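Trainee: One structure, as structure tokens, below. Some questions next.
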Amino acid sequence: MAIRPILPYPHAGLSDICAPVTVFDTQLQSLVTDLIDTMRAAPGVGITAAHIGVQQRVFVLELTPGTVLTYVNPEIISQSAPTMRHVEGSVSMPGFTEEVERPSRVEVRFHDVSGAEHRQTAEGFHAVCIQHEIDQLDGIFWLKRLSRLKRDRLVKKWERSRKP
């Protein structure tokens, strides 16, 4: 159990496509435990292995305190036509948020840490979080979902905030 350093935006590792997990062992369980500890310390409601420099398709969510959802090798298998707008941000860019539009419902297939396959339908904020984290596993940082104008403004503010 450890709190790991989080890669800050625009670290190149945040643009990498993560590899599927092929071994479901104690090392994977340790990674998930570290993700949970790091997410809570950030603080955040979700974090991917990519955020801590591990290029594997794993993320955790804690939408309700004390209830952690773990997704290994997740893939969206269907999504709704209706969309919703929700404010998003990232543990790699703390304190910076903007509204993003995404499908309001998704069906996702994933594995748990023991390797068992699951399917889940998620709606609302849960669906948004799943899409956000899968984007990150695919090397798509959430800023890419913004208009060019909003993205450029936010990046400039971020860069100014990082200067001593």
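Trainee: Has segment 148-157 got at least one residue that is at positive phi, touching a residue at least 24 places away in the same chain (Cβ under 8 Å) and over 14 Å from the mean Cα position of the chain (by Cα)?
Mentor: no
Trainee: Give just the number: which of (1) part of a strand (DSSP E or B); (2) surrounded by fewer than 19 Cβ atoms within 10 Å (Cβ to Cβ); (3) within 14 Å of the chain's Cα centre (by Cα); (4) in contact (Cβ under 8 Å) with a residue 24 or more places away in the chain does Ile77 not satisfy?
Mentor: (3)
Residues are listed down the side, and each one gets a yes or a no for (1) modelled with pLDDT of 95 or more; (2) closer than 19 Å to Thr48 by Cβ; (3) in contact with a Pro (Cβ under 9 Å, 6 or more places away or on another chain); (4) acidic (Asp, Glu):
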| residue | (1), (2), (3), (4) |
| --- | --- |
| Phe110 | yes, yes, yes, no |
| Glu117 | yes, no, no, yes |
| Thr121 | yes, no, no, no |
| His132 | yes, yes, no, no |
| Leu137 | yes, yes, yes, no |
| Phe141 | yes, yes, yes, no |
| Pro164 | no, no, no, no |
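Trainee: Shifting gears a bit: How many residues does segment 15-47 hold that are of a type in the set (Gly, Ala, Ser), closer than 17 Å to Ser90 by Cβ and not in a helix (DSSP H, G or I)?
Mentor: The total comes to 3.
Trainee: Take the residues of segment 58-74 that are in contact with a helix residue (DSSP H, G or I) (Cβ under 8 Å, 6 or more places away or on another chain) and surrounded by fewer than 18 Cβ atoms within 10 Å (Cβ to Cβ): which is nearest to Val21 (Cα to Cα)? Walk me through how you get there before you give the answer.
Mentor: We begin by selecting, within segment 58-74, every residue in contact with a helix residue (DSSP H, G or I) (Cβ under 8 Å, 6 or more places away or on another chain); these are 58-63, 68, 70-72, 74.
With the extra rule that they be surrounded by fewer than 18 Cβ atoms within 10 Å (Cβ to Cβ), the set shrinks to 63, 68.
Values: Leu63: 24, Val68: 19 Å.
Applying the filter and picking the extreme gives Val68.
Trainee: So for segment 126-139 (the condition being in contact with a helix residue (DSSP H, G or I) (Cβ under 9 Å, 6 or more places away or on another chain), surrounded by fewer than 18 Cβ atoms within 10 Å (Cβ to Cβ) and touching a residue at least 40 places away in the same chain (Cβ under 8 Å)), does at least one residue qualify?
Mentor: Yes, segment 126-139 contains at least one residue that is in contact with a helix residue (DSSP H, G or I) (Cβ under 9 Å, 6 or more places away or on another chain), surrounded by fewer than 18 Cβ atoms within 10 Å (Cβ to Cβ) and touching a residue at least 40 places away in the same chain (Cβ under 8 Å).
Trainee: In segment 9-42, how many are in contact (Cβ under 8 Å) with a residue 24 or more places away in the chain and under 14 Å from the mean Cα position of the chain (by Cα)?
Mentor: 13
Trainee: Sort through His118, His51, His86 and tell me the only one that's surrounded by 15 or more Cβ atoms within 10 Å (Cβ to Cβ) and over 23 Å from Arg162 (Cα atoms). Can you show your working first?
Mentor: Numbers: His118 fails: surrounded by 15 or more Cβ atoms within 10 Å (Cβ to Cβ); His51 fails: over 23 Å from Arg162 (Cα atoms).
Answer to the check: His86.
The values are calculated or read from the model by the stated rules, or taken from the named source; none is laboratory data. Since the structure is predicted, the reported quantities are computational estimates derived from the model, not experimental observations. Because the Cβ atoms are built from the backbone with ideal geometry, glycine has one as well, and the counts that use them run over all protein chains shown.
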